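As structure tokens, the structure follows; a few thoughts come after it.
The values are calculated or read from the model by the stated rules, or taken from the named source; none is laboratory data. From a predicted model like this one, the values you see are computed outputs, not experimental measurements. Methodologically, a virtual Cβ is constructed for each residue, glycine included, from the backbone with ideal geometry; neighbour enumeration extends over all protein chains shown. SASA here: full protein model, heavy atoms, side chains in, ligands and nucleic acids out. Shrake-Rupley method; radii C 1.70, N 1.55, O 1.52, S 1.80 Å.
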Amino acid sequence: MTELLYLPDNDDRTDFEAEVVGTGEDYLVLDGTYFYPEGGGQPADQGNLEWSGGEAEVVDVQKDGGDVKHFVENVQGELPSAGEKITGVIDQEMRDKHRRMHTAQHVMSKIVLDEYNATTAGNQIHAERSRIDFEPADFSQEDVEFIEEETNRIIDKGLGVEKEELPREEVEERTPEGRVNLGLIPDHVDPLRAVIIEDYDVCPCGGTHVDSLEEIGKVNILERRSKGEGVERIEFELEN
Ligand SMILES: [Zn+2]
């Protein structure tokens with residue numbers, strides 16, 4: 001069992017100590033981790049683990065039941081055994097990009113809900129280029145320009161972003177209708193981790209996000225593509 005230490009609001013922490021509770025040929029399970037395991041359309045964090053007598057690169061992080069497996073490469077020395085202590089260091093540049101991208105996604109998703117009444121059917125965050133699928137939607141070039149302008153207008157307000165674990169009922173009440181498909185979150189997940197952008201948006205989400213919209217910078221929409229059957233995909237990057 002691995003405690004997800006980045007929850008509810010430790011998205012900015014990139015170094016920590018933990019104890020090994022399980023090992024495999026190419027992975028370590030820790031008692032707690034600040035590494036984000038791939039999920040919810042966000043890639044895993046990468047970084048390094050160090051222990052007495054060795055170190056390794058973390059190339060992938062995956063949830064497996066209640067465990068988080070840290071897959072390692074370039075191992076120096078012997079992998080540590082259960083009970084040994086490690087130091088974890090997360091690639092901060094990558095973490096920051098994912099935090100900025102993921103929060104930009106929340107803003108754009110809210111704008112498209114408010115202006116076009118389309119829900120976010122899926123999203124994939126990457127450090128350099130991210131995408132959101134909206135449904136039902138049929139955007140013109142003008143719409144795409146408007147969405148970009150509005151996203152940047154809201155980001156420029158520099159609103160604060162809070163992450164909180166709240167009773168599921170409260171999160172469901174506060175999440176705008178159509179913002180996400182709450183039915184996709186298994187019923188037993190309670191409390192829910194909510195990402196709250198001041199009085200602008202509330203959305204249940206387990207990813208990593210910035211603490212203020214001013215950290216995001218500027219969104220640049222690269223492409224809009226029809227995915228058929230009323231689904232539109234928007235791809236975007238961030239300018240520093
Ligand atoms: Zn999110």
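Placing unit charges on the Cβ atoms of the charged side chains and taking the dipole of the chain about its Cα centre, the candidate lying farthest along the positive direction among Leu166, Val21, Ile147 is Ile147. To put it simply, the accessible area of segment 1-67 at a 1.4 Å probe is 35 percent carbon and sulfur. Computed over segment 164-240, the Cα gyration tensor eigenvalues convert (square root of 5λ each) into semi-axes of 26, 19, 10 Å, ordered from largest to smallest. Sorted largest first, the spans of the alpha carbon positions of the chain along the three principal axes are 59, 37, 35 Å. Sequentially through segment 196-203, phi angles give Karplus couplings (6.51, -1.76, 1.60; θ = phi - 60°) of 10, 9, 5, 9, 8, 8, 10, 8 Hz, Gly and Pro residues having no value and appearing as x.
So how many Lys-Lys pairs in the chain land under 16 Å Cα to Cα, not counting same-chain pairs under 8 apart? Close lysine pairs under the 16 Å cut-off: 4. Here segment 112-191 is treated as a Stokes sphere of Kirkwood radius computed over C-alpha pairs; at 4 °C and 1.567 mPa s its diffusion coefficient rounds to 87 µm²/s. When you restrict to C-alpha pairs under 8 Å that are six or more residues apart and normalise by the size of segment 95-239, the relative contact order lands at 32 percent. For segment 89-240, with all protein chains in place and a probe radius of 1.4 Å, 42% of the accessible heavy-atom surface sits on carbon or sulfur. Dipole size of segment 113-240 about its Cα centre, with +1 on Lys/Arg Cβ and -1 on Asp/Glu Cβ: approximately 440 debye, rounded to the nearest 20. Its convex hull of Cα atoms gives segment 3-90 a direction-averaged projected area, equal to a quarter of the hull surface, of 5.1 nm².
Taking amide H positions as modeled 1.01 Å from N, with prolines and chain starts lacking one, the residues under 5 Å from Leu192 and 5 or more places away or on another chain are Leu166, Arg168.
Using a ≥ b ≥ c from the Cα gyration tensor of segment 107-240 (square roots of the eigenvalues), is it rounded, prolate or oblate, where a/c under 1.5 gives rounded and otherwise the larger of a/b and b/c decides, a/b for prolate? Here segment 107-240 falls in the oblate category. Computed with a 1.4 Å probe over protein heavy atoms only, the accessible surface of the chain comes to 48 Å² per residue. Dipole size of the chain about its Cα centre, with +1 on Lys/Arg Cβ and -1 on Asp/Glu Cβ: approximately 280 debye, rounded to the nearest 20. Within segment 150-240, the trypsin sites (Lys or Arg not before Pro) that combine a DSSP coil assignment with at most 15 other C-beta atoms in a 10 angstrom radius are Lys157.
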